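Right, one structure below, let's go through it.
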Amino acid sequence: MALLAICVLLIGLESAPVVALRDVLFDGYQKLMPRPRNSAPAVIVDIDERSLDARGQWPWPRTVTADLV
């Protein structure tokens, strides 16, 4: 029970060693089982007059930008 309490306390405090350990573990998980890439690393959204006529004046809401991406 004491070990569990110490672990909860360390995680709750977010101390530098705990954060570093969490980051190392996350990096390890990503190297072992990376998420599959569904698209190219960059997406270019062309905003021209035709786009403005179809979608309305810039800036567009985030929902519209998300639908386009």
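No value in this document is a laboratory result; all are computed from the given coordinates. A quick note: this is a predicted structure, and the numbers were derived from the prediction, not measured. Quick reminder, even Gly has a Cβ in these numbers, built from the backbone with ideal geometry, and neighbours come from all protein chains shown.
Annotations
- Take the Cα of ILE11, step 7 Å toward its Cβ, do the same at VAL69, and the gap between the two points is 3.0 nm.
- In region 7-69, the trypsin sites (Lys or Arg not before Pro) that fall in loop regions by DSSP, at most 11 other Cβ within 10 Å: ARG37
- Which of SER39, TRP60, LEU4, positive extreme of dipole for the chain (C-beta unit charges): LEU4
- Against the empirical curve 2.2 N^0.38 Å, the C-alpha radius of gyration of region 2-68 lands at a ratio of 2.00.
- 3J(HN,Hα) from dihedral phi, region 43-56, Karplus parametrisation 6.51/-1.76/1.60, rounded to Hz, x for glycine, proline: 10, 9, 10, 8, 10, 10, 4, 5, 5, 5, 5, 7, 9, x
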